[in-house]
Each structure stands twice: as structure tokens, then as C-alpha cells.
Amino acid sequence: MSPFRSIEWRDGALRLLDQRALPKEMVYLELRDYREVAEAIRSMVVRGAPAIGAAAAYGLALAANASKAASVEQLMQDLQAAAEILRASRPTAVNLFWAIDRVLERVSSLSEAKVQTLRQAVLNEAHLIAEEDIQANKQIGYNALPLIPNPAKILHHCNTGSLATVGYGTALGIIRTAHESGKRIHAYLDETRPRLQGARLSAWELNQLGIPHTVIVDGASGFLMKKVGIDLCLVGADRIAANGDTANKIGTYNLAIVAKEHRVPFYVAAPTSTIDMSIPSGEDIPIEIRDRSEIAFVGSEQVLPEGSPVLNYAFDVTPAQYITAIITELGIVYPPFKENLPKLLRRGTQNEQGPSYPTTYPELRHELRNL
Ligand code: MRU
């Protein structure tokens, strides 16, 4: 287990590890209002697609607890109002919208129940989303093992570890599983300008886990492939369109092009909650544009002349043609993604996945849903 929890429900509050303060300090914030959760997502106290999905689900639990509704209709209205504020916090990661919709659908499906029962159902669904995320990440790590040579030099972008998820991590989780399985892994971490998720967060996580790593500037990836030799690239995802085009942290697209030129396999790791089949291609994925200050300042120091404009895309879209495979908890998907992603998702509904990581999830699901 990681020695920290990025997201935790404790004594009726959502406890978040403030990722803006890392690696300098471990500061926990206790949120009791869903509006504070929306603000924490917007300001990146909590970040990473699966983590913001789970945080939003707990945000709805806070809204349900605070609601004075005497009827089911009133409670649903209060939840819809909170959902609207939470949805507006960040646009790109589909996990945010997926988690909110899932909680609301769960509550709607129980509309015969009493208000107090529904309040509890909101919290239970948030717990399930959180627990499933950890299980899915472990399964992703396990599924990826055959793809990781021994020894392996792996290039990673952004932060996709325990901080970016409820626990364990996706792409960084694969690095962790491979290391724990005894493979000799060396991770090269893109620092990931402008918010330095690679340098501040991924390096911090790998340090704690004792996994050998080296931080590079984002622009070094091509030369690194030439000089050091990289066996594979591993990145996460914020939204995967039906054709496999993948939105992820800005710089991912550049890395994928450089990887193709050097014939380095380029893998995307994500839970199936990141796949958005309603979006046919990456063209339609909303891309967040963030504040000028993220580029204009390094820490508290201004590095740009006052008059120079910036364009701060927080994400980019890597076209499917650059992606070797997508690694999910239900298995590994290869191109053509348009045909193979629906097959993968069907496997989920038919419960036909391959060998599974030991899990207590089915019992937990039964316990939490058995209202
Ligand atoms: O802006 P961020 O830090 O939320 O962006 C995070 C990423 O792009 C991650 O790669 C992605 O969310 C996957 S995290 C498992």
C-alpha cells in the first residue's frame, strides 16, 4: 500500500491530499461542502482523471447529506444542482462526468426508497467507485505484465499514480507492478510542464516506492530514445474516443510522434471508465485551456514579459494511429480500436475477463448495494 491516500471519506467529510503542496509538504484538506469539492478539482488540489471522478462522487455525497429535502423529488433536484456545479469544474476527463452520472442513475433506480436511504445510497455508490478504481488499477498492472520486458527502460508522462487515482495508479501502477514482480525497471519521467506533475508527483511516488527513476525535461524524449534507448512509453488518459484517439496531458501527442519515429511501443493505460463511446473521434473531445499564470510563472517567479500572450492547452489528443495498444482492467486492446473497443466493453458486461487479480470487490459490491 502507498503510505498516503489522495482521497478518503472520513467522519462525514472528504479528505484530500493537497497535490499543489507536494513534494514539499503533505497537507490534507477536509471538505464538507460540494462547492469546495468543485473548487478543489478546478484548482487541482485533486487531479488525474479517476481521482477527480471519485472526488465528484463524494461531492454528491456531501450534497446529499447537506440537503434538507423532505421528498425524493426535492433530493433529486438538490443532487442535480450539485452535479451541475461539479460538472463545470474541469471539461476533459470523462471520468468526472461518468462518476456523476453513475451516482445519479443509481439514485434514480431507487426512487421508491426513502430520502434517508437515498442519501446513504449516494455515499455507498461513491465508495464503490473508489474501491473499483483501486481494483481496476491493480488489474491493469497485472494485465500489462506480458508487455514489459526485463530489464525495461520506460518513459512516462505526467502523473498517473496513486495521486491521480484513488490508489495504486494506471501507467505508474504498471511500472509498480512490474517492479514488484521482480523485473528490473528504470522509469524516465517527463517533468511535464507547466504544472510539473512528473517532476513533483511521479518522482515523489517512485521515491517512496523505491523504484529507480530519472527525471527529464519534456523536450528530451527524442534524444533520450536515441542515446539511452527506451523500451516502451506508458501514459494515462483523460478520455479515449470510440476510435481510440486519446486525450491526455499536453505533450503526450509529441511523445507519441517521437516514439513512432524511434519504433518505441506507445501504450495508453486507463480504466474502462475513461473510454467515451459517445464520442466518435478525438476531434470532439473538449480540451481545457488553463490560466496564463501557469506558464508565466515558475513558482512565485514571473518568467514571461508582461506583454507576451500564452496559449495554455492543458491536454492534447494523440491520434489512434500512434497508439500501440490500450491497457485496461478488462484486457489489452490493439488496433483497429474502432472494432476492438466495443468488443472489450462487451467483455465487461459478460464478465468474461481473463485471469484476475485477487479481489474482494464482488462481496463489497453486494454489501454496499444491498440496501
Ligand atoms: O491536469 P491533470 O494533472 O489532471 O492531468 C492528468 C493526466 O493527464 C493523466 O495522465 C490522466 O488524468 C490519467 S491519471 C491516471
Members of the range 23-35 found to be touching a residue at least 24 places away in the same chain (Cβ under 8 Å) and surrounded by fewer than 19 Cβ atoms within 10 Å (Cβ to Cβ), listed by number: 23, 32, 33, 35
Candidate set from the range 275-323 (those that are of a type in the set (Phe, Trp, Tyr) and within 16 Å of the ligand (Cβ to nearest atom)); member that is most open to solvent (accessible area, probe 1.4 Å): 313
Whichever residue in the range 36-50 is open to solvent by less than 10 Å² (accessible area, probe 1.4 Å), within 11 Å of the ligand (Cβ to nearest atom) and assigned to a helix (DSSP H, G or I) and, among such residues, is farthest from residue 159 (Cα to Cα): 41
Output for the range 89-114, where each listed residue is assigned to a loop (DSSP other than H, G, I, E, B) and within 16 Å of the ligand (Cβ to nearest atom): 89, 90, 91, 92, 93
Selected residue [of a type in the set (Asp, Glu) and farther than 28 Å from residue 117 by Cβ] from 18, 33: 18
Residue list for the range 313-371, filter: among the polar types (S, T, N, Q), in a loop (DSSP other than H, G, I, E, B) and modelled with pLDDT under 95: 351, 353, 356, 359, 360, 370
Selected residue (criterion: farthest from the ligand (Cβ to nearest atom)) from residues of the range 133-176 that are assigned to a helix (DSSP H, G or I), open to solvent by 10 Å² or more (accessible area, probe 1.4 Å) and free of Cβ contacts under 8 Å to residues at least 60 places away in the same chain: 146
Meets criteria (in contact (Cβ under 8 Å) with a residue 60 or more places away in the chain and surrounded by fewer than 20 Cβ atoms within 10 Å (Cβ to Cβ)) for residue 260: yes
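The values are calculated or read from the model by the stated rules, or taken from the named source; none is laboratory data. Quick caveat: nothing in here was measured; it's all calculated off a predicted structure. Using ideal geometry, Cβ is built from the backbone for each residue, glycine included, and neighbour counts are taken over all protein chains shown. Heads up: the accessible areas ignore ligands, DNA and RNA and are worked out on the full protein's heavy atoms, side chains in. Shrake-Rupley method; radii C 1.70, N 1.55, O 1.52, S 1.80 Å.
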